[in-house]
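Asker: First the structure, which I've put down as structure tokens, then a few questions once you've had a look.
The values are calculated or read from the model by the stated rules, or taken from the named source; none is laboratory data. Because the structure is predicted, anything quoted here is derived from the model rather than measured. Every residue, glycine as well, gets a Cβ built from its backbone with ideal geometry; the counts of neighbours run over all protein chains shown.
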């Protein structure tokens, strides 16, 4: 890890009061990066600068952002940009803070991405419960249009852009990019078969870039300061900063913007204030409800939170929604909660997920309520293993992560639950 942070790059509202006001945002360099891109740079030069920064997708997959933009099919037009604001992962609450408190930096990122890939229409897709955020962003978009920052002939050039918000209907599956596009087109929110991928065949069958809200909010600062500047934060392979959504049994839950490569120990004990009541930490879910359960060993606590290191201890960084569990939490109870969520959110398109999540929930409920047997634990594990690698999209795979790693790494909690019977 390099370069300690003196001020925020994404959560700038914590340093600059009222940055959500257009005049304040512009007084602190707002939209100068967009002006620079449109008036001084070719679209490919913008993409190259983002490539140089090493920015990776902050929605969970960690795919290189500039590379994704470069994949856009330039033989097929029009092009579209979609900002994924369907923040539905339990334990993740970073994008909402950005959109509510630093909206113009996010919208500037959408605008720069649109220019880079030649899009004249961009959509902000929001989870259904974010109706107040949609109303707020519509207001900010209108302010940008009134100021000449959106619309036709932006900055006196021939580039034009319109940004629209769109509300989903509260479906977790629509965080998956192809289901999101189906929903945006007015269809049932169910995933498409890939390939083809969105940069080739996306919204309305046209090339589309889909990036997470946090990812796009990085872009104005990268264009303003350069890709090399951004590389001074984080690690060599995971450059930049990340918002870690910390929750669970910690004294100070919340969003913490830190360089990638910060350890779990620093996040939980220095920033999160340690465990409630001084209890012993038991497990960590590094990527929300869809992640593996990591035992809180010294090795895990001292692991750098970046895209390369977390898989080495049996997890994934994902969207970095870090849920902390202490010794008072039964893993059998936790698995009941996660299986209930995924059974509820399965779109039902494929049989392994539709049927598998149903049976996992029933078995987990039976075990956690004290009505289960050792045979039920074995069956639960077998069902989860049979789902893995057989589902249409990642949701089914995610539904098994806590189940499989919970039984493998915390079997004593399940044994205790069935012995109590």
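Asker: In segment 290-305, what residues are modelled with pLDDT of 95 or more and surrounded by 20 or more Cβ atoms within 10 Å (Cβ to Cβ)?
Answerer: Step one: list which residues in segment 290-305 are modelled with pLDDT of 95 or more, which gives 292-305.
Selection gives 292, 293, 294, 296, 300, 303, 304, 305.
Asker: Another question about this same structure. Go through (1) touching a residue at least 24 places away in the same chain (Cβ under 8 Å); (2) closer than 25 Å to residue 154 by Cα and name the single condition residue 75 misses.
Answerer: Unmet condition: (1).
Asker: Follow-up. For segment 185-206, what are the residues that are exposed (fewer than 15 other Cβ atoms within 10 Å of the Cβ) and assigned to a helix (DSSP H, G or I)?
Answerer: Correct list: 204, 205.
Asker: When you go through 145, 182, 214, 257 one by one, which is the residue that is buried (at least 23 other Cβ atoms within 10 Å of the Cβ) and either in contact (Cβ under 8 Å) with a residue 24 or more places away in the chain or in the same structural domain as residue 34 (by TED's automatic domain parsing) (or both)?
Answerer: Unique residue meeting the criteria: 214.
Okay, residues lined up against (1) farther than 27 Å from residue 177 by Cα; (2) touching a residue at least 40 places away in the same chain (Cβ under 8 Å); (3) touching a strand residue (DSSP E or B) at 6+ places or on another chain (Cβ under 9 Å); (4) assigned by TED's automatic domain parsing to the domain that holds residue 252:
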residue: 313; (1), (2), (3), (4): yes, no, yes, yes
residue: 346; (1), (2), (3), (4): no, yes, no, no
residue: 352; (1), (2), (3), (4): no, yes, no, no
residue: 364; (1), (2), (3), (4): yes, no, no, no
residue: 376; (1), (2), (3), (4): yes, yes, no, no
residue: 385; (1), (2), (3), (4): no, no, no, no
residue: 391; (1), (2), (3), (4): no, yes, no, no
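Asker: Restricting to segment 53-76, count the residues that are farther than 28 Å from residue 321 by Cβ and touching a helix residue (DSSP H, G or I) at 6+ places or on another chain (Cβ under 8 Å).
Answerer: 2
Asker: Just to be sure before I move on: is residue 165 over 18 Å from the mean Cα position of the chain (by Cα), under 13 Å from residue 110 (Cβ atoms) and in the same structural domain as residue 41 (by TED's automatic domain parsing) in the structure I sent?
Answerer: Considered against the rule, which asks whether it is over 18 Å from the mean Cα position of the chain (by Cα), under 13 Å from residue 110 (Cβ atoms) and in the same structural domain as residue 41 (by TED's automatic domain parsing), residue 165 comes out as yes.
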